[in-house]
Amino acid sequence: MSPSLEARGLTRRFGSFTALDNLNLNIQGSKCVGFLGPNGAGKTTTLKMFTDLIFPTSGEALINGHSVRADRKRALASCGDLIESPEIYPSLTPREALELVGAVRGMSAPDIRSRTDTVLHEVKMADWADSKVGRFSKGMKQRVNIAAALLSDPEVVMLDEPSTGLDPRGMAEVRSIIRELKRENRLIFMSSHILSEVIDVCDEVALVDHGKLLFYDTLANVNARLGKGATSVDLAFVRPVSDADVASRIVNLPGVTGVSRVDPQRLTAMVTGGPEAQSQVLEQLVASKLGLLSFQPSRSALEEVYMREISQGDS
Amino acid sequence: MSTPEAGASGYARSGEGPAIPDTARQALILSRYQLRDYLRSRRFVLMVAIVVFIGAILSLVLAKYNGAGLSSSSDAFYGTLWGGGVYVVIVFAGIIFGGDAIAGEFQNKTGYFLMGLPVKRTSVYAGKFIAATAASVVCVLLYLGILLGNGFYYLGAGAALSGALFESFAIAMLYLLALMGAVFLFSSLFKNSLYAVLVVAILFLFGFSIIDELLQGLVHIEPWFIIDYARQVIGYPFLTTLPPHTSTGMFGITTYNPTYAEGLAIMGGYFLLTAFGGLALFEREEFT
Ligand SMILES: Nc1ncnc2c1ncn2[C@@H]1O[C@H](COP(=O)(O)OP(=O)(O)OP(=O)(O)O)[C@@H](O)[C@H]1O
Ligand SMILES: [Mg+2]
């Protein structure tokens with residue numbers, strides 16, 4: 001059976017405020033899904049209902065077909081998760097904390113030992129395996145938490161902003177850990193604010209805002225979706241470009257819908273038609289010998305779609 | 001290439017992973033690590049210091065007054081020093097180890113670590129209950145050890161190990177369970193360690209005894225629902241005759257004393273009601 005995560009009409013209200021509104025999401029199979037949305041969108045609320053930390057007002061969360069609320073033990077059996085930077089009992093060492101996790105999960109002692117070494121090495125905490133967690137920095141604790149989520153080599157991995165609190169190298173390490181986690185028969189569902197991270201590791205994205213799902217699609221489709229809108233491209237030149245040149249040789253290029261000036265040597269062009277059109281504009285600009293130095297779409301496709309969808313929600 | 005029988009080797013398994021231990025087994029696993037955390041904690045050192053301090057004062061008083069008139073019989077000796085004082089050790093230990101047991105899981109966010117695991121909430125609660133009780137028992141045993149040391153000195157080897165003392169120890173353990181249940185109930189109820197600790201300390205150190213007095217003195221009813229009323233049965237094994245169930249004193253005021261069975265029933269009842277009440281609350285609480 002392939003791993004799955006399913007939200008059926010999942011709704012959560014806090015008093016009169018609806019934090020998550022009728023979320024229907026069915027994720028099947030081995031893939032990495034990025035869960036995006038602005039602050040307060042309802043991402044953590046969703047993940048907490050998937051781990052039975054909070055309970056739905058209505059609807060149901062299922063992991064591998066098992067309702068989390070009805071049978072949390074079965075639902076979470078093959079699921080590793082990291083929600084809201086938990087604390088570990090301060091006087092335990094990472095090795096002991098992982099031993100606890102392994103024992104509760106029913107892993108054998110030799111299995112726990114070898115997996116502990118593997119995951120602590122992966123999160124670069126092997127040197128700290130026998131020091132008390134209580135004295136660790138935030139980032140070090142987060143690394144141990146990631147190790148704990150991965151200990152049992154789970155089929156489903158749920159992560160809420162896994163790279164929070166990590167240094168730049170730590171973030172890169174988390175990214176590579178997640179990339180390595182992608183293997184046969186594993187479903188990864190992670191919330192994140194770092195779009196580059198999502199682009200880097202995820203196959204699909206789900207976007208929520210104000211508690212509502214805006215879309216759930218593959219990254220490839222998100223890129224295609226971009227074709228329908230305009231992308232802003234930053235242009236830099238080695239010498240100043242006159243207004244006359246802009247009017248005669250840039251604005252009229254196919255795909256360009258508008259140009260604005262940043263300074264004498266820098267312009268911002270709006271280009272429609274997606275990557276294909278951008279490439280043609282670039283070639284034309286080079287051919288026109290205006291002294292083009294750089295051509296940079298200012299936002300990734302995902303960022304573009306994200307901004308567009310979010311602002312539609314606001315209006 | 002031959003295809004091996006799936007499962008025949010005991011090695012091939014479905015994607016479900018290893019079998020998750022049952023609820024009781026998981027509770028014991030959790031209690032082991034929780035107890036380890038308690039025994040390494042500063043509060044354990046504090047609790048040991050309190051017990052040693054109480055023990056030292058008792059020993060000094062006994063030394064100065066040469067047994068303080070208690071060395072004539074082991075019942076008098078332990079009846080006063082154990083029967084009269086062990087509840088203080090139990091109340092302190094219960095508060096120190098149990099006060100934040102559940103509240104701390106919310107306040108310190110350690111709950112997020114445990115609750116992400118495939119465990120029932122019952123296992124988490126029971127694991128913590130067992131660990132807090134075990135840590136308290138360690139402290140009570142330390143107190144017992146100090147008293148036995150004095151007992152050997154003043155009563156001699158023959159009388160130091162009295163059967164009544166062990167009977168009383170067993171009742172004290174029941175009192176500990178009842179107290180721990182109440183502590184866990186308040187700890188679940190408030191989700192805040194400070195409130196839980198304060199309420200339990202106030203109730204068990206003097207609140208209940210005030211209510212007990214009021215009920216008996218003013219409205220003349222038997223305060224069978226107050227645990228302090230039951231507490232005195234801890235001292236019963238040392239008495240040759242138990243106090244009368246009711247007696248009418250000056251001004252016609254009726255005073256009540258619990259019967260042996262009644263005392264045990266009250267403690268047992270408190271334990272069951274509060275421990276399961278706390279669990280019922282914990283089952284419904286959210287880690288928001
Ligand atoms: N316990 C609570 N009581 C009241 N409101 C809450 C509670 N928990 C969350 N909310 C509200 O629900 C909404 C969604 O919160 P949530 O934590 O799910 O957002 P998020 O998408 O994870 O945001 P972020 O990116 O900042 O982590 C927010 O408006 C928040 O204020
Ligand atoms: Mg969040």
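So which residues in region A:83-97 are open to solvent by 50 Å² or more (accessible area, probe 1.4 Å) and either facing chain B (nearest Cβ under 8 Å) or β-branched (Val, Ile, Thr) (or both)? Result: A:GLU84, A:GLU87, A:PRO90.
A:VAL201: within 16 Å of A:GLY291 (Cβ to Cβ), among the aliphatic types (A, V, I, L, M) and either outside the structural domain of A:PRO168 (by TED's automatic domain parsing) or in contact with a strand residue (DSSP E or B) (Cβ under 9 Å, 6 or more places away or on another chain) (or both), yes or no? For A:VAL201, the condition - within 16 Å of A:GLY291 (Cβ to Cβ), among the aliphatic types (A, V, I, L, M) and either outside the structural domain of A:PRO168 (by TED's automatic domain parsing) or in contact with a strand residue (DSSP E or B) (Cβ under 9 Å, 6 or more places away or on another chain) (or both) - is not met. Can you say whether A:THR18 is more than 20 Å from B:VAL119 (Cα to Cα), among the polar types (S, T, N, Q), within 7 Å of ligand 1 (Cβ to nearest atom) and not in a loop (DSSP other than H, G, I, E, B), as far as the supplied structure shows? No. Taken together, the residues in region A:210-222 that are at negative phi, open to solvent by 10 Å² or more (accessible area, probe 1.4 Å) and in contact (Cβ under 8 Å) with a residue 40 or more places away in the chain amount to 6.
Residues in region A:179-206 that are of a type in the set (A, V, I, L, M) and surrounded by fewer than 23 Cβ atoms within 10 Å (Cβ to Cβ): A:LEU181, A:ILE194, A:LEU195, A:ILE199, A:VAL201. Kindly evaluate A:VAL286 against the criterion of being open to solvent by 80 Å² or more (accessible area, probe 1.4 Å), assigned to a helix (DSSP H, G or I) and farther than 21 Å from A:ILE194 by Cα. Judged against the criteria, A:VAL286 is a match.
The residue list B:LEU215, B:LEU203 contains one member that is of a type outside the set (Ser, Thr, Tyr) and at pLDDT 85 or above, which is B:LEU203.
Here's a check for you: in region B:208-262, which residue that is under 22 Å from the mean Cα position of the chain (by Cα) and assigned to a loop (DSSP other than H, G, I, E, B) is nearest to B:VAL91 (Cα to Cα)? Among those that are under 22 Å from the mean Cα position of the chain (by Cα) and assigned to a loop (DSSP other than H, G, I, E, B), it is B:ILE226.
Can A:SER85 be described as out of contact with any Leu (no Cβ under 8 Å at 6 or more places or on another chain) and within 15 Å of ligand 1 (Cβ to nearest atom)? Answer is yes for this residue.
When we screen A:LEU53, A:LEU92, A:LEU36, A:LEU98 for residues that are within 16 Å of ligand 2 (Cβ to nearest atom) and within 18 Å of A:ALA149 (Cβ to Cβ), the only hit is A:LEU53. Restricting attention to region A:98-117, the residues being more than 7 Å from chain B (Cβ to nearest Cβ) and surrounded by 22 or more Cβ atoms within 10 Å (Cβ to Cβ) number 3. Of all residues in region A:21-56 being among the polar types (S, T, N, Q) and more than 12 Å from chain B (Cβ to nearest Cβ), which is farthest from ligand 1 (Cβ to nearest atom)? Only one residue fits best here, namely A:GLN28. Residues of region A:122-135 include at least one that is aromatic (Phe, Trp, Tyr), more than 19 Å from B:SER123 (Cβ to Cβ) and away from chain B (no Cβ under 12 Å).
Would you confirm, using the coordinates I've provided, whether A:LEU120 is over 24 Å from the mean Cα position of the chain (by Cα), aliphatic (A, V, I, L, M), in the same structural domain as A:SER163 (by TED's automatic domain parsing) and within 30 Å of B:ARG42 (Cβ to Cβ)? Spelling it out, it is not the case that A:LEU120 is over 24 Å from the mean Cα position of the chain (by Cα), aliphatic (A, V, I, L, M), in the same structural domain as A:SER163 (by TED's automatic domain parsing) and within 30 Å of B:ARG42 (Cβ to Cβ). Scanning region A:57-82 for residues that are surrounded by fewer than 24 Cβ atoms within 10 Å (Cβ to Cβ) and either within 16 Å of A:MET190 (Cβ to Cβ) or away from chain B (no Cβ under 11 Å) (or both) yields A:THR57, A:SER58, A:GLY59, A:GLU60, A:LEU62, A:GLY65, A:SER67, A:ARG69, A:ALA70.
Okay, residues lined up against (1) within 16 Å of ligand 1 (Cβ to nearest atom); (2) closer than 30 Å to B:ARG42 by Cβ; (3) part of a helix (DSSP H, G or I); (4) in the same structural domain as A:SER85 (by TED's automatic domain parsing):
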residue	(1), (2), (3), (4)
A:SER131	no, yes, no, yes
A:ARG143	no, yes, yes, yes
A:ILE146	no, yes, yes, yes
A:ASP153	no, no, no, yes
A:LEU159	yes, no, no, yes
A:GLU173	no, no, yes, yes
A:SER176	no, no, yes, yes
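Tell me, please, whether a residue that is within 32 Å of the chain's Cα centre (by Cα) and surrounded by 15 or more Cβ atoms within 10 Å (Cβ to Cβ) can be found in region A:242-255. Yes, that holds for at least one residue. Mind checking whether some residue in region A:156-172 is at positive phi, in contact with a strand residue (DSSP E or B) (Cβ under 8 Å, 6 or more places away or on another chain) and open to solvent by less than 20 Å² (accessible area, probe 1.4 Å)? So far as region A:156-172 goes, no, none of its residues is at positive phi, in contact with a strand residue (DSSP E or B) (Cβ under 8 Å, 6 or more places away or on another chain) and open to solvent by less than 20 Å² (accessible area, probe 1.4 Å).
The values are calculated or read from the model by the stated rules, or taken from the named source; none is laboratory data. Quick caveat, the model's predicted, so the values are computed rather than measured. Here Cβ is always computed from backbone atoms with ideal geometry, including for glycine, and neighbour counts include all displayed protein chains. Calculation scope for accessible area: heavy atoms of the full protein, side chains included, ligands and nucleic acids excluded. Shrake-Rupley method; radii C 1.70, N 1.55, O 1.52, S 1.80 Å.
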